[in-house]
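Contents: one structure, followed by commentary.
The values are calculated or read from the model by the stated rules, or taken from the named source; none is laboratory data. Just so we're clear, the structure is a prediction, and the values are computed from it rather than from any experiment. Virtual Cβ from ideal backbone geometry, glycine too; neighbours counted across all protein chains shown.
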Amino acid sequence: MAKLGFLAFAAIILLTGFGSANIPVYAQEGMTQSTDSLDILLEPQWSADSTKFKVSFLEPGTDTIHQHQDYNFVILQDGKEVFNAAEQIGQSAIHNAEGTITVPYKFQQNGDYVVQVLIYGLGLPAIPTDESVEFSVSVTPEFPTGVLVASAAIGIGVIAARRKL
C-alpha cells in the first residue's frame, strides 16, 4: 500500500511539473477563398514559437500565380485588429511582384481569429480594386505531453500495485 501512495505522489509531481505546458497547436491547413479577380490560397505554417502565413495570389480557378498586387494582410480577434502588415512598415498598402508572400506572426493567446487579405490594386500599372477575403483560424492549447506521461505512469503504477497484492 505504501508503494501505491508513492506512485500517487509521483503522479502528482509529474502532473504539476508537466501539466502546465500551454503550447499552441493549430489544425488549419491550406485554405482558398475567391474574390471577383483572384483566388487567394492561405497556407499556415505552424510552430510553437510563431506562425508563418504563406499567401498565394492565383488566377481564378487555376494554380497559376498572378503577379503584381497591392494588398494588405490583417489579423483580427473578436473584431479587433491585432496585426496589420502594411502598418508594420508604415504604409497603407504593400506591393507584391512575385505573386506569393510569407507573413510571420506570433499569436499572443489562444482563441478564434480572422485573417483578412485586402486587395487594393492588380497588375502593373495597378488597376484599382477593392476586394478582400477572410479566413477563420483557431489557436487552441495542445494537450500537454506531461499529462500523457503522468497518466501512463499512474496506469503502470496501479497495475503493478494490483499484481503484488
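Just a yes or no: is a residue in the range 76-93 touching a helix residue (DSSP H, G or I) at 6+ places or on another chain (Cβ under 7 Å), touching a residue at least 40 places away in the same chain (Cβ under 8 Å), more than 16 Å from GLY121 (Cα to Cα) and of a type outside the set (Phe, Trp, Tyr)? No, the range 76-93 has no match at all. Scan the range 96-104 and give yes if some residue there is farther than 17 Å from SER132 by Cα, assigned by TED's automatic domain parsing to the domain that holds SER136, more than 20 Å from the chain's Cα centre (by Cα) and in a loop (DSSP other than H, G, I, E, B), otherwise no. Yes, that holds for at least one residue. Considering the conditions (1) within 23 Å of the chain's Cα centre (by Cα); (2) at pLDDT below 90, PHE73 is excluded by exactly one of them, (2). Being touching a Lys or Arg at 6+ places or on another chain (Cβ under 6 Å), in the same structural domain as VAL137 (by TED's automatic domain parsing) and within 18 Å of VAL139 (Cα to Cα) holds for only one residue in GLN77, GLN116, GLN109, GLN45, and it is GLN45.
Restricting attention to the range 59-75 and to residues that are assigned to a strand (DSSP E or B) and in contact (Cβ under 8 Å) with a residue 40 or more places away in the chain, the residue that is farthest from ALA86 (Cα to Cα) turns out to be GLN69. In the set (1) assigned to a strand (DSSP E or B); (2) at pLDDT below 95, GLN28 fails one condition alone, (1).
Given the criteria assigned to a strand (DSSP E or B) and over 17 Å from PHE73 (Cβ atoms), does ASP130 qualify? For ASP130, the condition - assigned to a strand (DSSP E or B) and over 17 Å from PHE73 (Cβ atoms) - is not met.
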